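Each remark here refers to the structure printed beneath this line.
The values are calculated or read from the model by the stated rules, or taken from the named source; none is laboratory data. Only a predicted model underlies this, so the values are computations on that prediction, with no experimental measurement involved. Cβ sites come from the backbone with ideal geometry, for glycine too, and all protein chains shown count toward neighbours.
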Amino acid sequence: MIQAQMSAELPVSRPRSRGIYLLPNALTTGCLFSGFYAIVAAIDGNFERAAIAVFAAMIFDTMDGRAARATNTESAFGKEYDSLADMVSFGLAPAIVTYQWGVERIAEYGRVWGRIGWLAAFFYAVCAALRLARFNTRTATQDKRYFEGLPSPSAAAIVASFIWASTEWRAPGLPGLILAFSVTACAGALMVSSFGFFSFKTFNLEGPVKFATILIVPLIFIAIALYPPTALLAVFGGYAAHAPLLWLVRRGRRSHRAEPPAAPPPDAT
């Protein structure tokens, strides 16, 4: 009897709503729209606008996750929707921008070069899809301090900033076109690699830092304001290069330690 009264007095926990939350999914829609606009702009030949749209998609992609966590509106629907939007904005859009910019030009040097160009663009797209699928299946077990493989927004930023900077080339020539598709293919390969890239999720923004560190932030913004494509390419290119370089340094140290000590020279007597 007493247990029945106690259970009647306890508040009944209501199941969590399965509805679609407006704010984070609206921001995800902004990411999807930016990626779609980048594709349309590239088809129209406006490559500078297409590159800017890719960076706009990155801003929306950053905001939707933070908004969902801040308002406690994370959901399975939002996760799947975000992944699909990322595939369009950071997988298909950079690949199509590269294709539209370079394949028509490189095809003038022969059908083989034209096929290599669109295959490089497709390779990037499929690597982005594999990267997103791997991320979704390993989210629960992955170390929060690192990303396994280059994040797709960073890879998209490299491709977009490179094409943006390359729009100033009136006639890039065969070497410039080969470089563009090589950058696209390398960005795709880094996405599916096993290199660990810093995620900055555990970076303490409230802790004290050195004064010289504070100066770096305005310098980066000044560089982006003065030379947007070059500065953005340097920032994201440096981020993409740091993991392979650290791997090479660590491997060199391990091999150096594993080398047996040199035998002493024989006596001259």
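Listed values, structure above:
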read-out	value
Yes/no for V112 being surrounded by 14 or more Cβ atoms within 10 Å (Cβ to Cβ), free of Cβ contacts under 8 Å to residues at least 40 places away in the same chain, assigned to a helix (DSSP H, G or I) and more than 19 Å from the chain's Cα centre (by Cα)	no
Region 116-152, subset in a helix (DSSP H, G or I) and of a type in the set (S, T, Y), residue nearest to D86 (Cα to Cα)	S152
Index of the failed condition, D86 passing every other in (1) crowded, with 17+ Cβ neighbours inside 10 Å; (2) over 13 Å from S34 (Cβ atoms); (3) of a type outside the set (A, V, I, L, M)	(2)
Which listed residue, of A121, A155, A125, A133, is touching a Ser or Thr at 6+ places or on another chain (Cβ under 8 Å), of a type in the set (A, V, I, L, M) and at pLDDT 90 or above	A121
Output for region 63-86, where each listed residue is free of Cβ contacts under 8 Å to residues at least 60 places away in the same chain, part of a helix (DSSP H, G or I) and not small (G, A, S)	M63, D64, R66, R69, F77, K79, E80, Y81, D82, L84
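Okay, residues lined up against (1) surrounded by fewer than 19 Cβ atoms within 10 Å (Cβ to Cβ); (2) among the basic types (K, R); (3) within 19 Å of the chain's Cα centre (by Cα):
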residue	(1), (2), (3)
L32	no, no, yes
G35	no, no, yes
M63	yes, no, yes
F77	yes, no, no
G91	no, no, yes
G117	no, no, no
A128	no, no, yes
